[in-house]
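Visitor: Here's a structure for you.
The values are calculated or read from the model by the stated rules, or taken from the named source; none is laboratory data. Just so we're clear, the structure is a prediction, and the values are computed from it rather than from any experiment. Don't worry about glycine lacking a Cβ; one is built from the backbone with ideal geometry, like all the others, and counts go over all protein chains shown. Remember, those area values only see protein heavy atoms, side chains included, never the ligands or the DNA or RNA. Shrake-Rupley method; radii C 1.70, N 1.55, O 1.52, S 1.80 Å.
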Amino acid sequence: MALALVSAAALGANIVSAQIAGRAGISGPLMVFYRVFVMLALVGLAALAWRTSLALPRKRWGTLVVFAVSTALVGCCYLSSVAFLPVTVAAVVFYTFPVLIVLAEPLLTPARFSADRLAVALIGFLGVAMVVGPDLHGLDPVGLALAFAASLAAATQFFSGAALGDTPILPKLFWSHLLILPVTLAILSVTGGMLPPGALLLAPLAVAVTIGGYVLGFAFQVMALARLAPGPAGLAFCAEPVFAVAIAALVLGERIGGLQYGGGLMVIAAIVTNVILEQKRRPAPAVAAAPGS
């Protein structure tokens, strides 16, 4: 859970800086394309330094492809949706994914349907809606479709990431990003948004924070999914927009109202409740029999 919350904080910072970069003319898919190169370089250097093999078991390739494609679609669809929608609306539509995960978990995993977890997910979603304060004007259907596609892709990413839980982290990061690269390149070729690396200098600090936040956030997300079921992991990521709003207030001077504070408290309450519920679901440790009994 701690890993998931650190990831949410890093990705929250990533959203704010990506918005700044977008205003400078750097599109979401273009940012996704170039940050993949940074991740591949870092993973390659780590593998060399630690002399770690990047081999992946053959039985995991199908799941890895699903994980990579869904990860690419999350970044491209979500960051592209803000070109058609207010950021607040895009965020609310996107953060339906924890609810989708809770509803799909009994169908895709051995976990049983949990009414209390669904209630917590709905409370978290309502808190997110209050935090971002959606502006219901200018609801472009293309933007709504992109944001909801990102939500579906995020749910798929969490399930496939959890299924790869026993796969070493460096091979998982390397091969998933190597597969993300052609997916993003195809999207850029269709949208006509490919630009040379020099375009990143339009907003160098925002680009650096966006790429750094993504690398840190994604690595911690992968580690969290190896230790958490998709349901509780998805609920933990409701904290991401809370971090994003707080960072926007500190960096951009955006004002936070009473409704947003209330929504933030609801998200925190949902996460705390989620932790308590998960602790109760854990089986009690076996007690060794006393000698001579």
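Visitor: Considering each residue of the stretch 75-84, count those that are of a type in the set (A, V, I, L, M) and buried (at least 24 other Cβ atoms within 10 Å of the Cβ), and give that number.
Guide: 1
Visitor: Identify the single condition in (1) buried (at least 19 other Cβ atoms within 10 Å of the Cβ); (2) more than 28 Å from Leu179 (Cβ to Cβ) that Asp116 does not satisfy, given that it satisfies every other one.
Guide: Asp116 satisfies all of (1) buried (at least 19 other Cβ atoms within 10 Å of the Cβ); (2) more than 28 Å from Leu179 (Cβ to Cβ) except (1).
Visitor: Also, I was wondering about something else. Just to check your reading of the model, which residue among Leu48, Leu122, Leu64 is open to solvent by less than 20 Å² (accessible area, probe 1.4 Å), modelled with pLDDT of 85 or more and outside any loop (DSSP other than H, G, I, E, B)?
Guide: From the options Leu48, Leu122, Leu64, the qualifying one is Leu64.
Visitor: State all residues of the stretch 167-184 that are open to solvent by 70 Å² or more (accessible area, probe 1.4 Å) and either at pLDDT below 85 or in a loop (DSSP other than H, G, I, E, B) (or both); if no residue qualifies, say none.
Guide: Pro168
Visitor: Being over 14 Å from the mean Cα position of the chain (by Cα) and either within 20 Å of Phe125 (Cβ to Cβ) or open to solvent by less than 20 Å² (accessible area, probe 1.4 Å) (or both) is the filter here; which residues of the stretch 229-250 pass it?
Guide: Selection gives Ala229, Val245, Ala246, Ala248.
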